[in-house]
Structure formats: C-alpha cells, structure tokens
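Values quoted throughout were computed directly from the atomic coordinates according to the rules given, and no laboratory measurement underlies them. Remember, it's a predicted structure, so these values are computed and weren't measured experimentally. No Cβ is skipped: glycine too gets one built from the backbone with ideal geometry, and neighbour counts run over all protein chains shown.
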Amino acid sequence: DHTHADTLRTPIVAVLGHVDHGKTSLLDTIRGSAVSEGEAGAITQHIGATDIPLDTISGMAGELIDPSDFDLPGLLFIDTPGHHSFSTLRARGGALADIAVLVVDVNDGFQPQTEEAIDILRRTGTPFVVAANKVDTTPGWNPQDGEPIQRSMEAQSERAKSMLDENLYEIIGQLSDAGFSADLYWRVQDFQKNIGVVPLSALTGEGVPDLLTVLMGLSQRFMKEEMAIDVTGPGEGTVLEVKDERGFGATVDTVVYDGVIRNGDTVVVGGQDEPIVTEIRALLRPRPLAEIRTEKEFEKVGEIGAAAGVKIAAPDLDQAMAGAPVRVVRDRTVDRVVEEVKAELAEIEVETADNGVVVKADTLGSLEAMANALREAEVPILRAEVGDIAPRDIAVAETANQDEHKAILGFNVDLLQNAESDLENADVKLFKNEVIYQLVEDYERYVEEKQR
Ligand code: GTP
Ligand code: MG
C-alpha cells in the first residue's frame with residue numbers, strides 16, 4: 001500500500017524511426033542544443049535519455065500549451081539510434097516507454113526500420129504519434145521557424161502545400177496498411193483510436209510546438225494513473241547499455257521507471273549467466289537538459305527517482321546485459337529479488353532446440369525479436385545469447401548436425417578479434433545485419449541456395 005507517497009512521475013517517451021529520419025535532430029531542437037553536430041557522422045552511437053521539464057516544454061509550445069493544465073513534471077525522452085534495436089526498451093510487464101514518437105521522413109515515407117518500430121509498438125501496445133519530419137525540404141517551402149504547423153502551412157504557396165499534403169497522405173496510407181487508422185493530428189478526436197500525424201521540421205522547429213502539445217496531452221489524459229508511483233519504493237529500472245567508464249570500470253546506463261535508487265543500495269541486475277548482486281558505489285547523473293552520452297562530467301547524486309536516466313557504478317557489472325532488469329533490494333531479501341529478476345528474464349522467451357543455428361544479439365530485447373522472427377521463418381535455434389561473437393559460439397555452431405545449421409546470425413554485434421581465425425578455419429557461415437528481417441532473409445536465401 002503506497003497511498004501517501006504516490007506522486008506523478010515523468011512519462012517515458014521513446015523516439016523511434018529509420019536511420020537518418022531525424023530522431024536526434026528532433027531531440028536537439030527540443031533540447032536547444034546540437035548533440036548531433038558533435039557526433040561522428042551525426043549518427044547516434046548510444047541510447048541516451050533526456051529529461052525535459054514542463055517549463056521548457058511550455059516555453060517551446062508557446063500559445064498551444066497552458067502549463068497549469070498539466071500536473072506531470074515533464075517528459076523523459078529516450079533517443080534510439082536507427083541501427084540499434086528499440087526492443088531494448090522493455091520493462092516489467094511490457095514496454096519501458098509509456099508513449100513513443102515515430103519519426104518518419106516525409107519524403108521517404110516508411111522504411112525497413114519504420115516497419116520494425118511499428119511491429120514493436122503494436123506488440124507492446126505502446127501509444128504513439130507520428131512526427132512527419134523534414135517538411136522544410138518540400139520544394140518552395142517558406143520556413144516559419146519555431147511556429148505551430150498550421151500557421152506555417154498558411155504561409156506556404158498552394159503548390160508547396162499540395163506537395164506536402166501528398167506526402168502526408170502517403171504516410172497516412174502506409175499507417176493504414178500497417179493496421180493503424182491515422183490522420184493529421186488536428187483532425188483526431190480520440191487519440192486512443194487514431195494515430196495523430198504531426199508534420200514538422202527538426203531543422204526549422206516548425207511543428208515542434210504541436211508535437212510537444214500532443215505528447216503532453218496524451219500523457220496527461222491517458223496515462224495519469226500509470227504515472228502514479230511510490231516515490232520512496234525500491235527502485236526498478238532497465239539497463240540501456242553496459243559501458244566502461246574510466247575510474248569506475250563497467251557501469252550500466254539505466255532508465256529508472258519506478259521507485260528510488262540510492263547510493264549504497266544493494267541491487268540485482270540481470271547478467272549473462274545469472275543475476276548479479278552488487279552494491280552501488282556511485283550514481284552518476286547528467287544535469288537536466290544535458291544528454292547522458294555527451295555529458296563527460298557526471299554529477300554524483302545520493303539518490304534518483306523515477307523516471308530518470310542514470311549511470312550506475314558498482315562492482316561486477318561487466319556481465320550485465322542491455323535490456324535486463326535492475327532492482328533495488330532495500331527491505332526485502334536478496335534471494336527474493338534474485339528470484340524476481342530470474343522470473344522476469346524467463347519471460348523473455350527464446351525457445352532453443354537440439355538442432356539449429358546460433359543467434360547473437362546486442363540486447364535482450366533484440367534477442368527476443370530475433371527469436372520471434374526465426375520462429376515465424378521456422379528456423380530452429382540451438383543457442384541464443386546476448387553479446388559479441390566469441391570463439392565458443394563458433395565451436396557451438398560447428399556441432400550442428402545439419403550443414404545448413406552450421407551458421408551464426410549476429411544482430412548488431414561484432415565478431416571478436418580472437419574469433420576471426422576460428423571462423424576462417426571452421427565450417428561455419430556468419431551472417432550479420434542491423435535489420436532483423438534482412439538477417440533472416442539472408443539466411444533463408446543461403447539455405448535455399450544450399451539445397452539447390
Ligand atoms: P540515426 O541516429 O543515425 O538513426 O539518425 P537520426 O534519425 O537520429 O537522424 P539525425 O537527426 O542524425 O538526422 C539525419 C540527417 O537529417 C542530418 O543530416 C540532419 O541534419 C537531417 N535532418 C534532420 N531533421 C531534418 C529536418 O527537419 N529538415 C532537414 N532539412 N534536414 C533534417
Ligand atoms: Mg540519431
């Protein structure tokens with residue numbers, strides 16, 4: 001019973017979409033910083049989380065938002081690199097994200113990773129809005145920096161407007177093909193039944209006020225109950241990434257979605273072989289409006305409450321897995337929490353058989369997605385694991401009874417250097433891809449050719 005400690009936490013918003021469709025740029029505009037300019041090739045290397053307080057949101061949304069209408073503290077945005085699996089974003093009972101923004105380049109429309117994102121949103125039942133980005137690239141566009149989109153559209157020539165409309169209706173049609181009824185957001189009466197499409201430009205900022213307004217409205221109206229948490233309860237979170245940090249060793253970038261995590265807490269973290277029980281040595285937090293992956297000088301904090309992104313430094317975290325649960329023990333027994341973590345990991349179903357291929361993936365969520373795709377393709381799995389491809393994976397693949405199963409399918413992982421010569425000398429075929437269905441297709445094509 002947690003009646004009087006209950007408070008409303010920040011909703012977690014995942015930003016998803018195909019490579020280069022503008023996820024990071026959109027967050028940059030919202031942040032008022034330019035993270036992507038400092039990035040190698042403007043490609044996001046890691047998953048990060050950014051907390052945007054309500055004040056900042058209402059400042060940007062201007063006349064569209066009256067901050068007194070809201071009692072949620074703001075929005076916590078999680079950027080996902082296009083080549084990374086969004087399926088990392090899992091939590092107890094489903095999706096880590098409360099809502100999502102699906103970014104679609106208005107000229108390109110749906111692309112492979114857009115489809116993958118839609119599949120995951122459908123499977124997890126996550127409410128989402130579509131950001132139809134890059135409207136400024138419409139020929140003859142007359143930019144209206146930072147303006148609400150309808151005002152900006154009024155300033156366009158008939159020709160530019162009809163070209164944009166055509167692209168927008170194409171996207172609405174693609175959403176409909178994917179089984180979602182959608183419309184331009186200002187025509188949507190019920191956001192639970194219809195997906196709102198927000199035309200915008202991350203470059204000029206036009207339409208961004210509209211997106212923030214729709215996101216705040218969605219969170220406030222449909223999710224207030226889910227946002228009520230016991231702020232003093234034992235913290236729960238999900239590992240986004242395991243990273244070596246100078247002076248700290250292996251750390252886990254974590255999104256806390258419930259309760260509070262304190263320095264010195266004993267935590268249980270999902271690990272490669274078994275749950276890791278460890279004690280927190282430091283909680284490292286980026287400042288508000290800063291970005292976890294570019295912030296070099298972390299702020300050490302005594303505690304952090306949901307929802308927030310935090311880097312946890314503790315011994316023995318090198319075996320932690322991206323996508324795995326993090327649970328504070330607090331006043332329970334370690335054994336009980338270990339059992340909870342085990343049960344949660346057991347939910348991630350990867351059926352293995354006595355015969356089949358070896359699957360390696362970067363995160364638990366992507367491993368699960370790979371397993372689903374392979375099940376549909378009726379490809380059996382001998383072994384499935386999170387992590388880069390190591391010599392022992394090659395040894396295992398070689399033991400397969402059928403030649404076609406002497407294969408390793410790697411999703412978003414690398415071949416470790418010490419495994420390179422093993423692979424050369426072994427009768428094992430390696431497939432790597434950053435799009436799940438393409439990886440499965442590559443393998444299927446190989447099997448077909450082999451059978452010919
Ligand atoms: P990944 O992280 O690699 O998946 O890409 P992303 O979706 O984060 O895309 P990013 O924000 O890095 O943008 C990709 C390119 O599109 C960059 O060159 C941006 O400057 C450009 N871009 C993004 N949004 C807009 C926009 O609204 N208008 C225009 N003209 N260019 C944009
Ligand atoms: Mg990016």
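Points worth noting:
- In sequence order, region 51-68 has phi-based couplings of 8, 10, x, 3, 4, 5, 4, 6, x, 6, 6, x, 5, 6, 10, 10, x, 6 Hz under the Karplus curve 6.51 cos²θ - 1.76 cosθ + 1.60, θ = phi - 60°, and Gly or Pro positions carry x.
- Within region 98-196, the trypsin sites (Lys or Arg not before Pro) that combine a DSSP coil assignment with at most 12 other C-beta atoms in a 10 angstrom radius are K193.
- Fraction of antiparallel bridges per DSSP, the chain only, in percent to nearest 5: 55
- Subtracting the Cα-Cα distance of T232 and E303 from 0.36 nm times their residue separation leaves 24.5 nm of extension gain.
- Phi angles across region 195-207 convert, under the Karplus curve 6.51 cos²θ - 1.76 cosθ + 1.60 with θ = phi - 60°, into 3J(HN,Hα) values of 8, x, 9, 10, x, 7, 9, 5, 6, 9, x, 5, x Hz, Gly and Pro given as x.
- Mean Cβ neighbour count within 10 Å, used as a protection proxy, ranking 197-207, 375-385, 427-437 highest first: 197-207, 427-437, 375-385
- Protection proxy ranking for 413-423, 441-451, 96-106, 15-25, using the average of other Cβ atoms within 10 Å per residue and placing the highest first: 96-106, 15-25, 413-423, 441-451.
- Neighbour-limited loop hits for trypsin sites (Lys or Arg not before Pro), region 230-278 (at most 11 other Cβ within 10 Å; DSSP other than H, G, I, E, B): R246
- Estimated FRET transfer efficiency when R0 is 25 angstrom, pair E347-E376 (beta carbons, to 0.05): 0.85
- Checked against a 20 Å cut-off, the cross-linked pairs K134/K193; K406/K450; K360/K450; K429/K450; K23/K311 give Cα-Cα distances beyond that limit for K134/K193; K360/K450; K23/K311.
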